[in-house]
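What follows is a single structure, written as structure tokens, with notes after it.
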Amino acid sequence: MQLLMNRSRTRLNRRWALAVTALASLSSSPFADAGDWPCFRGPGINGISDEKLPFGPNEPFALDVAWKKPLGSGYSGIAIAGDRLVTMFSDKKSDVVVALGAKDGSDLWRFELGTTYVGHDGSHTGPIATPAIAAGRVFALGPRGGLVALNLESGAVVWKIDLLADLKAKEPMYGFGASPLVVDGVLVVGVGGETAYAGLDPATGKVVWRVGKDTVQYQTPAPFTWKDRPCLLAASDRFLYCLDPKSGELLWEKEHGGNEHEAGILNPVPLGGSRVFLNSRRESSVLVELTPGDSGVELKQVWDEKSLRTTFNLSILHEGHLFGYCNRFLACVEPTTAKQVWRSRAPGDGFLLAVDGRLIVLTKEGSVHVAQASHSTYEELASAAVFDELAWTPPSFANGHLYARSLGEIARIDLRAAPAAARAPRKDEAVPGTRLNAFLKEVAATQNKGPVVDAFMASVESFPLIEPPDVVHFLYRGPASDVAVAGDFCGARQERSLQRVAGTDLFYYSTKLDPQARSSYVFFEDFQRKPDPRNSRKVTTGVFTEDMDLSFTDQPLEMSWFGMPQWRMPEHLREPTGKRGRVETQELDAGGPGGTHTIEVYLPPGYDDGDTRYPVLFVHGGEAARREGQFIESLDNLIGRSVRPLIAVLLRGGSMGQPQYAEVFGKTLIPFVDGKYRTIAKPEARANFGAGFSAFDATLCTFKNPGTVGKLALQSLFMFEFLRAGLGPLPPASELPLAVHLEWGRYDLHNPHEAWDIRRSDEEFVRELRDKGYTVSGGEVIDGTGWPAWRNRTDVILQTLFPLDSKSP
């Protein structure tokens, strides 16, 4: 069965390599070659090169950077025809199509597509789509929807259209990025909106056919065979379309069953016969079987598994196995059963292609790795450090050379036979001059290592091992093959690999943190998450998922934690010893679509004994604040000592930018609280507070209900640009009297790979507020993220809003 699948796949690749390049073969242009990489994912649109490497399967080789030159930011892949490379980038002013000489990277021509598309909400600046080359022309789709045909030799414009104006396209969240293809003499373009896909005449740009009606984002069709007929299998956010690329005949369409909010990068991978691999969900991928049926096609799900998931890389079918990423780890999967044959932390998160039985990976950190396309284990053959910047583009292979780009440079890398394989050196994670470093030298010089390790581990009083003033050593001992540590100190979707002490079962990773820092962390033992078994200090947080990704669900995750030498446990987090307030639950009927809301109301000590009126604190995300942040205990400890007695209203749930949340807050919640309790019903006696995504809820309710709340306190405001857009323009402070406190952690939530950083966005919001005339207190604090960090400064938040000596109403 596997042999038949391989033969079928080989025939399909050959037929489609001919079909995709058919138009190029009609041209007299000198820029066409059988070894070209003319479009996204190469000649077969599958990430595979049919070329042979200049050395044998068991011969050592090295990677040489033949040339490297500066290039602006962008995701766009490198299309190659003969001695020319074409890609797109941003020069900070414009998005640019550029042609370079393959020999030395020299500029041949440039064409400006339009004003630079600036990255946002986790995306980097610059174009996304990969150009296609055929018939001596370049076809490039810019992020703002401009589709242009250029002369490959000169860069002169042949024709151009605007997908938004001419085809009524719907712009995706990060701009247009579906790569165009030339197949059977037709330019196939993902449009999205009134038309899912369109076929254009490459000579004129005129529309030849249209298919489907759905959103298309970053999907590109794949070659497929239906009833022995070559066709394209194209995906939109909801549908699979099987179509004839020449005529545009729609053979069938079918809902693929994936999450339409997560299928924006769905690029089908046909496995031969009737089976297709679909990366249509974030947390899993599926294998479907497509067979003729009464409605044109029947789609049967064979499996839905997590073996390949949570990645922007596209998988490759090679010799009957799928190679791709499971989260940030390269994996080999047997497609019939979805079983992971192997998974490897090395070489790191990145993008891959296959050539001559090898996998070539360009990591996001900028290194290139070549490994055997093995069905048994990850076996690295050679590697090289190429770029210092992040890389977010699959490499290309053409005419015997590897081409790769980062967000700042582009390079040609040559693979050549060598006396011995060359590999990028691994950095030693030990910190010189430390106790751990001395131990490592001792154990390295010892034959009988076990007793030395035993004695060292017994001497460590608490884990992780902290050496004043600023060094922390994460230590893990056990029968593992791979160990990593993750935490707020290194960011979301990030881990730090622990290094094995040679000849032992001890692993370590060392780093430096601020002497006043506190951090939450977990280990990953052979990719399985677990708190530190040697550390009894545990916390729960709703900020991270089990994969250490940013969580949108606020589900509690158990982590270990530690404090650096100068960190001290805040007194307000200790068990209250004096008088305590009480909490009661209320059901709030907002009516209509607002529905019923459950709130908890904290009444301070003495509330039931008199007729005093109190200021009100609205705590957004109150359930997590109480569960993980010890918020009620903090109120009991602080009220009457450093904080004025107050009523606290703890709101459950959140808005994620929905305007109904702010409407219910202003029109229903405030009147309800003022009518039910003895409040001071004045804006200056009301405050909104929230942390994380709930900080945005607090911000939304404050600015969408001007004049109702006079104080706003925020910790780690998670406000991505799509949320900021919903907030609208801020009024000047002269129109809205408001005191604002905003703080974030030095080790707050960020992802260095995906261009989002809560610390920087909070700084920008502070500048925006101050530009409008608002007085803003707060700033960076030395801590991490999530309630295990935020609760350490509940005293500062409450004392800022309602200090005990306050003379406010």
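The values are calculated or read from the model by the stated rules, or taken from the named source; none is laboratory data. Since the model is a prediction, treat every value here as computed from it, not as a measurement. When we count neighbours, we look across all protein chains shown, and the Cβ atoms used for this are built from the backbone with ideal geometry, even at glycine. Just the protein is used for accessible areas: all its heavy atoms, side chains included, with ligands, DNA and RNA removed. Shrake-Rupley method; radii C 1.70, N 1.55, O 1.52, S 1.80 Å.
Where does region 96-207 land on the Kirkwood hydrodynamic radius, alpha-carbon pairs, in angstrom?
14.4
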In region 390-475, which trypsin sites (Lys or Arg not before Pro) are in a loop and have at most 10 other Cβ atoms within 10 Å, using DSSP for the loop call? R426, K427
Table column - 3J(HN,Hα) (Hz), region 232-243, Karplus curve with 6.51, -1.76, 1.60, x for Gly and Pro: 10, 10, 10, 10, 10, 5, 10, 10, 9, 10, 10, 9
Give me the percent relative contact order of the chain, please, defined on Cα pairs under 8 angstrom at least 6 residues apart. 8
What is the gain in length, in nm to one decimal, between H375 and M569 on full extension, counting 0.36 nm per residue of separation less the C-alpha to C-alpha distance? 64.7 nm
In whole percent, how big is the carbon plus sulfur part of the accessible area of region 606-659, probe 1.4 Å, protein atoms only? 42
In whole percent, what relative contact order does region 249-375 give with Cα contacts below 8 Å and a gap of six or more residues? 14
Quantify, in whole percent, the carbon and sulfur part of the accessible surface of region 264-414 (1.4 Å probe; protein heavy atoms only). 47
Considering only protein heavy atoms, what per residue accessible area in square angstrom results for region 537-665 with a 1.4 angstrom probe? 45
With the dipole of the chain worked out from charges on the C-beta (+1 for Lys and Arg, -1 for Asp and Glu) around the Cα centre, which of S536, A424, Q715 lies farthest toward the positive end? A424
At most 15 other Cβ atoms within 10 Å and a DSSP loop assignment: could you name the trypsin sites (Lys or Arg not before Pro) in region 251-338 that fit? K306
Work through the residues other than T541 whose Cβ is under 11 Å from its Cβ and net out their charges, Lys, Arg +1 and Asp, Glu -1. -1
Could you tell me what percent of the accessible area of region 30-80 is made up of carbon and sulfur, with a 1.4 Å probe and every protein chain present? 55
Taking the Cα centre of region 100-147 as the origin and placing charges on Cβ (Lys, Arg +1; Asp, Glu -1), which of S106, T116, P131 is farthest toward the positive end of the dipole? P131
Lys/Arg Cβ at +1, Asp/Glu Cβ at -1, dipole of the chain taken about the Cα centre: which of A382, P469, F89 is farthest positive-ward? A382
Å² per residue, accessible surface of region 699-809 at 1.4 Å: 38
Roughly what would the spin-label model give for A455 and A420, points 7 Å off Cα along C-beta, in nm? 3.4
Take every Cα-Cα pair in region 643-785 and report what % of them are more than 27 Å apart. 20
What distance in nm separates the two pseudo spin-label positions at K160 and W303, each 7 Å out from Cα along the beta-carbon direction? 4.8
On full extension of the chain, what length is gained from K168 through E319, given 0.36 nm per residue of separation minus the C-alpha to C-alpha distance? 50.2 nm
Per residue, accessible area of region 391-443 with a 1.4 Å probe, heavy atoms of protein chains only, in Å², comes to 43
Taking the Cβ-Cβ separation of T291 and E194 as r and a Förster radius of 35 Å, what is the calculated FRET efficiency to the nearest 0.05? 0.70
Let me know the charge dipole size of the chain about its Cα centre in debye, to the nearest 20, where only the beta-carbon of Lys, Arg (+1) and Asp, Glu (-1) is charged. 200
Using a simple spin-label model with points 7 Å from Cα along the Cα→Cβ vector, what separation in nm is obtained for D589 and H261? 3.0
Multiply the residue separation of K93 and K538 by 0.36 nm, subtract the distance between their alpha-carbon atoms, and state the gained length in nm to one decimal. 155.3 nm
Share of Cα-Cα pairs in region 62-118 lying beyond 15 Å, as whole percent: 49
Go through (i) 153; (ii) 333; (iii) 177 and flag the label whose value is the computed volume of the Cα convex hull per residue in Å³ for this structure. (iii)
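Assuming 1.306 mPa s and 10 °C, estimate D for region 413-544 with Stokes-Einstein, Rh taken as the Kirkwood radius over Cα pairs, in µm²/s.
97
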